[in-house]
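Working notes, beginning with the structure itself.
The values are calculated or read from the model by the stated rules, or taken from the named source; none is laboratory data. Model, not experiment: these values are computed from the prediction. For neighbour counting, all protein chains shown are included, and Cβ atoms are generated from backbone atoms with ideal geometry for every residue, glycine included.
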Amino acid sequence: MFRTTVNRIPLRSTFSQSILRPQTALRFLSSETKNAIESAVNSAKVVLFMKGTPQQPQCGFSRATIQMLGQQGVDPEKFAAYNVLEDQELREGIKEYSQWPTIPQLYVDKEFVGGCDIVMSMAQSGELTELLEKHDALIPEEPYDEAEPEKAADAEVKPRSRD
Amino acid sequence: MSKPIEQAIKTKITGAFQPVHLAVKNDSSKHAHHAGLRGATNVTESHFRLTIVSDAFAGKALPARHRMVYTLLDEEIKEKGVHAVQLKTKTPTEWEKDPKDL
């Protein structure tokens, strides 16, 4: 029985590899591949199938997409990235699964959102922030306590919201 | 220099969408040495940027629009070594607000 384990690549911690083992390159989706991809899509709120890793993207479109997600303030705890270059079966399988021929591919809450162009267009229009907020995928803001203003002095500097 | 894939793209898109505006740009040279193209036979017509303005996109969200184009160019992508097709898909009304090619 083909066993797959799927490792997440957290956005900001050390690189760890996805260990879907390639067998033969499959043109059509075997149920094992499909199950492995489904686990990947279910593994986090925000899932990006990309070329390379978040720390070392191997493609300009993948890099741009990772950067945009970072800028949005996606919570690394809620994010997973999968490197299709590591695994030919994943690379072909995800294209069949999503019915989408290119990488990168973004999933939010198990739903396919789009590739780089779409993510960029949504980032520009504000739709991406809306989507990520709606699915509770962003780094939580620390509550500012009115009664203890001195706490604010120790608070981490947050990125300015861009409107 | 012959550009069979570019020609095929133009013909197919014009036929399917009757666009009021179509721009096809070839970015392959920017990617020829990249990891994703290692071992590829097609490095001269592998990456394209398309701007398509057509009524066919009305009422459709972006993923649906892009899928329409990908389906049309399925052969080029799956068999002819086209790796990336960047897309800007607009209706004529949307285009008027910001007529800028991708």
(message) Pairs needed: first member in the stretch B:81-102, more than 18 Å from A:Gly115 (Cβ to Cβ) and in contact (Cβ under 8 Å) with a residue 60 or more places away in the chain; second member anywhere, surrounded by fewer than 15 Cβ atoms within 10 Å (Cβ to Cβ) and charged (D, E, K, R); C-beta distance under 7 Å; at least 6 residues apart or different chains.
(response) B:Pro92/B:Asp55
(request) Just one of (1) touching a Gly at 6+ places or on another chain (Cβ under 7 Å); (2) surrounded by fewer than 21 Cβ atoms within 10 Å (Cβ to Cβ) trips up A:Leu106, so point out which. (result) (2)
(message) Please verify whether A:Ile37 is modelled with pLDDT under 85 and either surrounded by 20 or more Cβ atoms within 10 Å (Cβ to Cβ) or among the small types (Gly, Ala, Ser) (or both), treating the condition exactly as stated.
(response) no
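Residue-wise test of (1) part of a helix (DSSP H, G or I); (2) closer than 25 Å to A:Pro57 by Cβ; (3) among the charged types (D, E, K, R).
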| site | (1), (2), (3) |
| --- | --- |
| B:Ile9 | yes, no, no |
| B:Gly15 | yes, no, no |
| B:Phe48 | no, yes, no |
| B:Gly59 | no, no, no |
| B:Pro63 | yes, yes, no |
| B:Thr71 | yes, no, no |
| B:Val85 | no, yes, no |
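If I go through the stretch B:65-102 residue by residue, how many of them are small (Gly, Ala, Ser) and either crowded, with 21+ Cβ neighbours inside 10 Å or at the interface with chain A (Cβ under 10 Å from one of its Cβ atoms) (or both)?
1
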(message) Of the conditions (1) more than 9 Å from every other protein chain (Cβ to nearest Cβ); (2) hydrophobic (A, V, I, L, M, F, W, C); (3) in a helix (DSSP H, G or I); (4) in contact with a Gly (Cβ under 8 Å, 6 or more places away or on another chain), A:Met122 satisfies every one except a single condition; which number is it?
(response) (1)
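Table: residues versus (1) within 14 Å of chain B (Cβ to nearest Cβ); (2) at pLDDT 95 or above; (3) more than 22 Å from B:Val69 (Cβ to Cβ); (4) not in a helix (DSSP H, G or I).
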| position | (1), (2), (3), (4) |
| --- | --- |
| A:Glu77 | no, no, yes, no |
| A:Tyr82 | no, yes, yes, yes |
| A:Arg91 | yes, no, no, no |
| A:Glu96 | yes, no, no, no |
| A:Thr102 | yes, no, no, yes |
(request) State all residues of the stretch B:40-62 that are surrounded by fewer than 17 Cβ atoms within 10 Å (Cβ to Cβ) and at the interface with chain A (Cβ under 10 Å from one of its Cβ atoms); if no residue qualifies, say none. (result) B:Ala61
